[in-house]
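Here is the structure we will look at.
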């Protein structure tokens, strides 16, 4: 603090509290709506105090789903989302860490060519090449499979770059010492590089878990079978046109369930989350 | 940068690279190449016949007023999202940098929307603003504002902007906070001793020193508005009413997957790729400059 200006500190707190309230308001209303019955929501204006139907709403969406729209239970969708998020996060970390190990610690022909090949993928989000990617995956017979859901999203340059940056900061003496002691590259990787990379891996896991859980366009194209829906897709399928026809109490319970895991990850692993976010963009 | 110490092996580096290269080839290069290839072709309605038409798809696109409108919509949308998101986040970050008590609590309470999926963010705000039952709609109507984004284009635009900004504020906030905390205290102290008040210190010292962060966030937010907001739009307005919120990505998706106009959709994808590539180049040139700074 440079100087003591009580009124400025007051304004700062007031602004932040206002910001927190505005940011939290949609979440609060969603929570309230998930504890009411449909009749209570449709009655304008809906109550801003939680109702008493929380348990039945959540039980219904988890085990049976909404009657309108898809009508599929959300429980299996949560499992699909979890599988998708974990496979993408672990997959990205695994293939990227070995690729950047090769790029940083070896000299071989075409090294730069491969590096640029990975680099270029940084530029092309799935949204840009929607139709052709869909066609490739359907030609490979991967529609409605976990492989089709996850594999195309596993290739990403961000993780490779993060590990490359990190490996470049690892002192050369470590590799030298390992070589003098007679350790081969794989031994060096397993016993020295992997333990050193733990925090980078944790940071990356948090970011990629959220990325995988929140995927929308890709599962929308790839899953036509209710059993393969992810939670986010499930919400979309529950919304029918027309405010009143949609079973908002169930949609909102599902929205709460869809937000819970990634938000919990961000809040509980805040330190790694911030580290991962700042480093992947460098 | 290069390592001085390295290992030698004739096959190991290739084996280590193989998984990533394989996935990249199958799911990036093949489809991206196809997108470019298909953009030069015309398919009949049943996909039975294809014909090489050169740049005809592109020419048709730029003669199509819907496509040009979509360009304009995307420009307005992304500028609104980027400017609003950056301004609000900067205000909050400056305030959060000032407070000592409760700083961590504020931070935690402001960053969680990052974890919300764009589609879910869209659903949340669509519910608050729902024409007949929304709680904000109710308040607006009480104040004499006729709110119905299902019918009114500018209101639909406002809805998707609010939902997109809400989700992105946390990201901008974190980067501004990190930027603010890296500004040397001595600079600000010196200005304070010279008699510069908080407002003056902000505009003459803090804001210029934050400009690399601001520029970086500008690029990131525009990319976000171009592509990641697909979920927000599909879950709320679906490009409507009458194309008022149909951004380029949504149009490419709609024309390819719903209208089955593959040539046109691929041409749109190719144009989008060009846009992404130029944005990435801008961003990397900036990163190079940041290293010097």
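What follows is calculated from the coordinates using simple rules that are stated; it is not laboratory data. In this text, all values refer to a predicted model and were calculated from it rather than measured experimentally. Cβ atoms come from the backbone with ideal geometry, glycine included; neighbour counts cover every protein chain shown.
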TODO: Over the whole of B:121-131, what's the average partner chain Cβ count within 10 Å per residue? Rounded to a whole number, please.
DONE: 6
- [ ] Return one number: the angle in degrees, 0 to 90 and rounded to the nearest 10, between the long axis of the Cα atoms of helix A:111-121 and the longest principal axis of the Cα atoms of chain A.
- [x] 10
- [ ] Counting helices only, and only those DSSP H runs with n ≥ 4, report the 222 nm mean residue ellipticity of chain B as the sum of -39,500 (n - 2.57) divided by its residues, in deg cm²/dmol to the nearest 500.
- [x] -21500 deg cm²/dmol
Open item on the list: Mean-square fluctuation check for chain A, GNM, Cα pairs under 10 Å: which of A:211, A:105, A:58 is largest?
Closed with: A:105
TODO: Please determine, in degrees from 0 to 90 and to the nearest 10, the orientation of helix A:248-268 with respect to the longest principal axis defined by the Cα atoms of chain A, where the helix direction is its Cα long axis.
DONE: 30
TODO: Find the centroid of the Cα atoms in region A:77-124 and in region B:163-193, then give the distance between the two in whole Å.
DONE: 32
Open item on the list: Quick check for you: which residues of region B:83-106 have the amide N under 18 Å from the point 7 Å beyond the Cα of residue A:17 toward its beta carbon?
Closed with: B:92-93, B:95-106
Open item on the list: Can you tell me which of A:203, A:72, A:14 moves the most in a GNM of chain A? Springs connect C-alpha atoms under 10 Å apart.
Closed with: A:14
Open item on the list: Between B:159, B:274, B:187, where does the largest GNM mean-square fluctuation fall for chain B, given springs only between Cα atoms within less than 10 Å?
Closed with: B:187
TODO: Counting other beta carbons within 10 Å of each Cβ, put A:121, B:24 in order, fewest first.
DONE: A:121, B:24
